[in-house]
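See structure below.
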């Protein structure tokens, strides 16, 4: 895990040196919207019509344990397109969650893991582990919005990578607080190539898989790509057997053409800074406009739950 964190940081810094007007990362929580060109905060926003608000809380992946910045524009570009759309008279508001990145914590050594058969329901892998801290920070955020009048039936937790895995855990173990979750390319541990037998990464995956299996129902939409270098529809296929899960398989990688294509659109970095380069890791297609058709899929899923 530690090795991949550094790799991810470099990747994000390089991959997201994009949208020349949006190079700097976001560093605060807030409601966001997409004006067709840029991602913007809704300044000084307060929920004044809670009954008719659909709240979508977005969590990004785990890049580093103590994270000072919150998010890069390309990571929230697609989910921000939901903001302002309406379902049955209710308006979607997208909240970019930075609170879970501030809580810190640690990664666990193998000898610190809780016993596998005790790692069921809502428990931490070891004391003060960053994974559990981040989940609880999001749970506390949800509770804050409920106190402000937003009904649990109108709250959806979403996320990509580890943010998607945490969204699943909230749907599994805090279902009374939300309607359901949307997990985009959920991944809990490391690149699959690093999850070698006996490694910390492999053990983490086994433990977190066991934890999710311990629940009877998870209301969630899961989107997973065959081209994902972390987890694929095969490696997280166990989710399909859990009641409440709707599973969508995203396209894989065309070896001959060296590309990922969604509905005829090649997945590329949407930026001049990346010189229109193709995305070759399915874990990152959420950062491309090729993902646009699935924004509608997510909206339709939310509509089906309202």
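Tabulated results
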| item | result |
| --- | --- |
| Residue count, the stretch 144-164 (criterion: farther than 20 Å from residue 74 by Cβ and under 17 Å from the mean Cα position of the chain (by Cα)) | 3 |
| Some residue of the stretch 232-248 being more than 30 Å from residue 117 (Cβ to Cβ), in a strand (DSSP E or B), modelled with pLDDT of 95 or more and within 18 Å of the chain's Cα centre (by Cα) | yes |
| Some residue of the stretch 186-193 being part of a helix (DSSP H, G or I) and at pLDDT below 95 | yes |
| Selection count, the stretch 113-125, where residues are in contact with a helix residue (DSSP H, G or I) (Cβ under 9 Å, 6 or more places away or on another chain) and surrounded by fewer than 17 Cβ atoms within 10 Å (Cβ to Cβ) | 6 |
| Test set (1) assigned to a helix (DSSP H, G or I); (2) modelled with pLDDT under 95; (3) farther than 25 Å from residue 229 by Cα - residue 153 fails condition number | (2) |
| Pairs, first at positive phi in the stretch 102-119, second assigned to a helix (DSSP H, G or I) and crowded, with 17+ Cβ neighbours inside 10 Å, C-beta under 8 Å, six or more apart | 104/130; 104/133; 105/130; 105/131; 105/132; 105/133; 105/134 |
| Answer residue from the stretch 68-82, given it is buried (at least 21 other Cβ atoms within 10 Å of the Cβ) and part of a loop (DSSP other than H, G, I, E, B) and is modelled with the lowest pLDDT among those | 72 |
| Lone qualifier among 268, 258 - being buried (at least 19 other Cβ atoms within 10 Å of the Cβ), more than 16 Å from the chain's Cα centre (by Cα) and more than 17 Å from residue 187 (Cα to Cα) | 268 |
| Of all residues in the stretch 85-97 being in contact with a strand residue (DSSP E or B) (Cβ under 7 Å, 6 or more places away or on another chain) and in a loop (DSSP other than H, G, I, E, B), the one that is surrounded by the most Cβ atoms within 10 Å (Cβ to Cβ) | 97 |
| Which listed residue, of 62, 55, is in a loop (DSSP other than H, G, I, E, B) and either under 26 Å from residue 294 (Cβ atoms) or touching a strand residue (DSSP E or B) at 6+ places or on another chain (Cβ under 9 Å) (or both) | 62 |
| Checking residue 128 against (1) buried (at least 19 other Cβ atoms within 10 Å of the Cβ); (2) free of Cβ contacts under 8 Å to residues at least 60 places away in the same chain; (3) at positive phi, the condition it does not meet | (1) |
| Selection status of residue 206, surrounded by fewer than 18 Cβ atoms within 10 Å (Cβ to Cβ) and either outside any loop (DSSP other than H, G, I, E, B) or out of contact with any helix residue (DSSP H, G or I) (no Cβ under 6 Å at 6 or more places or on another chain) (or both) | yes |
| The stretch 215-255 - residue that is within 17 Å of residue 192 (Cα to Cα) and free of Cβ contacts under 8 Å to residues at least 24 places away in the same chain and, of those, surrounded by the fewest Cβ atoms within 10 Å (Cβ to Cβ) | 234 |
| From 242, 218, 248, residue being in contact with a strand residue (DSSP E or B) (Cβ under 6 Å, 6 or more places away or on another chain) and closer than 18 Å to residue 295 by Cβ | 248 |
| Every residue from the stretch 145-173 that is surrounded by fewer than 19 Cβ atoms within 10 Å (Cβ to Cβ) and either within 21 Å of residue 244 (Cβ to Cβ) or touching a helix residue (DSSP H, G or I) at 6+ places or on another chain (Cβ under 9 Å) (or both) | 146, 148, 149, 151, 152, 153 |
| Scan of the stretch 161-178 for residues that are closer than 22 Å to residue 190 by Cβ and in a loop (DSSP other than H, G, I, E, B), ordered by number | 161 |
| Of the criteria (1) part of a helix (DSSP H, G or I); (2) under 21 Å from residue 184 (Cα atoms); (3) in contact (Cβ under 8 Å) with a residue 40 or more places away in the chain, which one residue 139 fails | (3) |
| Residue satisfying all of: in the stretch 271-283; surrounded by 14 or more Cβ atoms within 10 Å (Cβ to Cβ) and out of contact with any strand residue (DSSP E or B) (no Cβ under 9 Å at 6 or more places or on another chain); modelled with the highest pLDDT among these | 271 |
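The values are calculated or read from the model by the stated rules, or taken from the named source; none is laboratory data. Note that the coordinates shown come from a computational prediction; the quantities given were computed from them, not determined experimentally. Positions of Cβ are generated from backbone atoms using ideal geometry, with glycine treated the same way; all protein chains shown enter the neighbour counts.
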